[in-house]
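For reference, the structure discussed in these notes is given below.
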Amino acid sequence: MITLKGDNIYLRALETNDLEFVYAMENDQSIWEVSNTQTPYSRFLVKQYLENAHQDIYEAKQLRLAICRDQDFPALGLIDLFDFDPKNNRAGVGIVIQGNENRNQKIGSEALELLIHYAFYNLNLHQLYANISTENVVSIALFSKFGFQKIGTKKDWNLVNGVYNDEAIFQLISKK
């Protein structure tokens with residue numbers, strides 16, 4: 001069994017031919033709020049990032065994977081473990097699916113399930129967390145479905161379109 005393969009999607013390492021996809025995702029201003037991005041990325045910077053994407057999670061403190069349909073190679077989205085802390089066995093989780101046509105098709109749900117299993121059983125992490133805008137009801141529902149519990153709210157945390165929004169922190173502790 002391949003660890004990062006589900007019924008309809010699989011997660012794979014980033015490849016150099018993902019340049020245009022990652023460039024488009026990083027420069028999509030509609031998702032900058034969830035990625036804490038404030039400035040555009042050049043193709044040169046994205047290319048450098050992809051050239052170093054082979055680094056081990058223990059080196060990079062991050063693991064970014066492409067979300068793909070089972071039958072083809074092109075990416076539909078990205079899922080990340082970030083702020084990897086091997087001493088305390090924890091990491092943050094982020095996910096983004098490109099385009100409305102790919103959303104609400106359980107792609108994110110299947111990707112998150114695969115990543116949780118990988119994090120707990122392959123990386124032996126003790127806990128995962130997610131920072132989610134309190135306005136993002138879709139993401140809150142997704143993470144709650146897998147047992148993430150809201151453990152706090154950061155008031156007026158993110159300035160979005162001139163308005164301060166709260167951000168909730170959700171946590172999932174391994175039961176293994």
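The values are calculated or read from the model by the stated rules, or taken from the named source; none is laboratory data. Given the structure is predicted, the values throughout are model-derived calculations rather than measurements. The accessibility values were calculated without ligands, DNA or RNA, using every heavy atom of the protein model including side chains. Shrake-Rupley method; radii C 1.70, N 1.55, O 1.52, S 1.80 Å.
Largest GNM mean-square fluctuation across 75, 13, 130, computed for the chain with C-alpha springs under 10 Å, falls on 13.
Accessible surface computed residue by residue for the chain, with neighbouring protein chains in place and a 1.4 Å probe, gives 59 Å² per residue. Close amide H contacts of residue 15 (hydrogens built in the peptide plane, cut-off under 5 Å, sequence separation of 5 or more or a different chain): none are found. Rolling a 1.4 angstrom probe over the chain with all protein chains present gives an accessible area of which 49% lies on carbon and sulfur atoms. Can you bin the stretch 72-176 into rounded, prolate or oblate? Criterion: square roots of the alpha carbon gyration tensor eigenvalues sorted a ≥ b ≥ c, rounded for a/c under 1.5, prolate for a/b above b/c, oblate for the rest. Oblate. Residues whose amide H falls under 5 Å from that of residue 166, counting only those 5 or more places apart or on a different chain, are 134, 156, 157, with hydrogens built in the peptide plane. The structure shown yields Cα extents along the principal axes in Å, and of the options [x] 42, 40, 34; [y] 74, 25, 25; [z] 83, 30, 22 that calculated value carries the label [x].
Once C-alpha pairs closer than 8 Å and six or more residues apart are averaged by separation and normalised to the residue number of the chain, the relative contact order reads 18 percent.
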